[in-house]
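The values are calculated or read from the model by the stated rules, or taken from the named source; none is laboratory data. Fair warning: this is a prediction, and the values are worked out from it, not measured in the lab. Here the Cβ positions follow ideal geometry from the backbone for every residue, glycine too, while neighbour counts run over all protein chains shown.
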Amino acid sequence: MANWFTSMDVRERRTFWACFSGWALDAMDVQFYAVVMPTLIAVWSLSQAQGGTLATAALLVSSLGGWIAGILADRIGRAKVLQLTILWFAVFTFLSGFTQSYNQLLFTRSMQGLGFGGEWAAGAVLMSEVIDKRIRGRAVGCVQSGWSVGYGTAVLLFTIVFSVARPEVAWRYLFMLGLIPALLVWWIQRYVEEPEVFTAMKATASQHARLQFVEIFGPALRRRTFLASLLAAGGLGGNYVTLTWLATYLKTVRHLSVLGTGGYLGINIFGSFLGYVISAHLSDWLGRRKTFVLMACAAAVTVACYTLLPLGDTAVLLLGFPLGFFQSGIIAGMGATFAELFPTRVRGTGQGFSYNTGRAIGSFVPTIVGVAAPSFGLGEAMGICSASAYVLVLLAVALLPETRGRELEATVVSDASIRRDLIGIDPQLQHR
């Protein structure tokens, strides 16, 4: 890791740490809900279906946030949108601590989703355009390992706060700590610049910029848009099941204490962190497609064993490591891969739409788990839904091209091809 990291210049490193920190703090705020969900179910007498809906609402609205942020990133800048999204999700996480009912929390969680969905869209394209193509997969994937750091921070703060305060108020204090990420905005504004490839593109932007969004659905790009969305739906759908329900599973099915739940989650999160980092390296060494296949197959087998076999507590503790490793290993390669699939003029739009459409579809999987749990059992519902989602990853990868090592400037559909696509959307352009 040290060799590729030390090879980056000052601008690349600043961008790396800005995106890493943003992703970590994003995860911290999002995962506060996952760790307090058992408390909210008890305090507010929520059903498991309602608990799953609160999780799905934020993820579903985050898709809209990602679409909007992707479009704005192509229009006003990657770094500017990154700042706006971080501030947005920090404020609404803080406000969640003041909610008094299920409907109020549903609203603040949904609004929080707009910000954290947009943060990934802006940060991933910013990283992909700044970092050298030879280390792009490693750098972007390692930035995504910040999610594990943020998740771990959420679990640590959960353990501390719930150890010193009553559960009835502790969950409020935890959400209020979600305002911390707002401090990062000042640093980004001061030290992070827009990518050169983006500023060069804006300087020579075509008069047809108003059609940028629909361009990703033109004949030249729509297949890539669909397959990238399918890949994200499978990878994120399986991932969200564990992120949303694992704490509840450990507490209600395995009957662990707060400290016990924190310890088991810690093993899972450590595996998740290494999964991001190692898979990021594999995507540069083996290629994007082979890495996706390896991680998806291993993740499906691991989650099935974890939730469907009659395992003892020690086996569950140890299996939490590969469970986190493989589920996160799938996600690590998406940022670089999606950036390499779209031209600069619509990279934010295409990347934001594909990832967040997948997020929207994947966000329904935790709700399906909550609905199915009373009939099948929580563990069984988690295992079946997760393994099924990973099948979508394999289907998408089978049809996508290998993109490792592509120059982003070269990942451009020709102007003539773009013009032909746009004429198909707006025939009046033929005479301009």
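Among residues of the range 174-191 that are in contact (Cβ under 8 Å) with a residue 12 or more places away in the chain, those with a beta-carbon under 9 Å from a residue that is surrounded by 14 or more Cβ atoms within 10 Å (Cβ to Cβ) and not in a helix (DSSP H, G or I) at least six positions away or on a different chain give the pairs 174/97; 175/97; 175/99; 176/97; 177/97; 178/97.
Annotation note: Cβ proximity below 6 Å between a residue of the range 76-95 that is under 12 Å from residue 182 (Cβ atoms) and a residue that is outside any helix (DSSP H, G or I) (sequence gap 6+ or interchain) occurs for 86/181; 90/181. Search the range 177-193 for residues being more than 21 Å from the chain's Cα centre (by Cα) and surrounded by fewer than 17 Cβ atoms within 10 Å (Cβ to Cβ), and hand back the single one that is nearest to residue 29 (Cα to Cα). Checking each candidate, the answer is 183.
Considering only residues in the range 303-330 that are of a type in the set (Val, Ile, Thr) and surrounded by fewer than 24 Cβ atoms within 10 Å (Cβ to Cβ), the one that is farthest from residue 388 (Cα to Cα) turns out to be 314.
One residue stands out in the range 119-136 among those that are under 16 Å from the mean Cα position of the chain (by Cα) and of a type outside the set (A, V, I, L, M, F, W, C): the one that is surrounded by the fewest Cβ atoms within 10 Å (Cβ to Cβ), namely 128. For the range 125-142, the count of residues that are free of Cβ contacts under 8 Å to residues at least 60 places away in the same chain and either small (Gly, Ala, Ser) or not in a helix (DSSP H, G or I) (or both) is zero.
Any chance the range 20-43 includes a residue that's farther than 19 Å from residue 147 by Cα, among the small types (Gly, Ala, Ser) and in contact with a helix residue (DSSP H, G or I) (Cβ under 8 Å, 6 or more places away or on another chain)? Yes: the range 20-43 contains one or more residues that are farther than 19 Å from residue 147 by Cα, among the small types (Gly, Ala, Ser) and in contact with a helix residue (DSSP H, G or I) (Cβ under 8 Å, 6 or more places away or on another chain).
Within the option set 370, 324, 335, being at pLDDT 90 or above and either in a helix (DSSP H, G or I) or farther than 27 Å from residue 69 by Cβ (or both) holds for one residue only, 324.
If you go through the range 30-89 and keep only what is closer than 28 Å to residue 187 by Cα and surrounded by fewer than 21 Cβ atoms within 10 Å (Cβ to Cβ), you end up with 64, 68, 71, 75, 76, 77, 80, 84, 87. Within the range 278-296, does at least one residue satisfy the condition of being buried (at least 17 other Cβ atoms within 10 Å of the Cβ), touching a Cys at 6+ places or on another chain (Cβ under 9 Å) and part of a helix (DSSP H, G or I)? Scanning the range 278-296 turns up at least one residue that is buried (at least 17 other Cβ atoms within 10 Å of the Cβ), touching a Cys at 6+ places or on another chain (Cβ under 9 Å) and part of a helix (DSSP H, G or I). Only one entry of 116, 198, 213, 158 meets the criterion of being among the aromatic types (Phe, Trp, Tyr), in a helix (DSSP H, G or I) and under 21 Å from the mean Cα position of the chain (by Cα), and that entry is 116. Considered as a group, the residues in the range 356-396 that are of a type in the set (Val, Ile, Thr) and crowded, with 20+ Cβ neighbours inside 10 Å include one that is farthest from the chain's Cα centre (by Cα), and that residue is 369.
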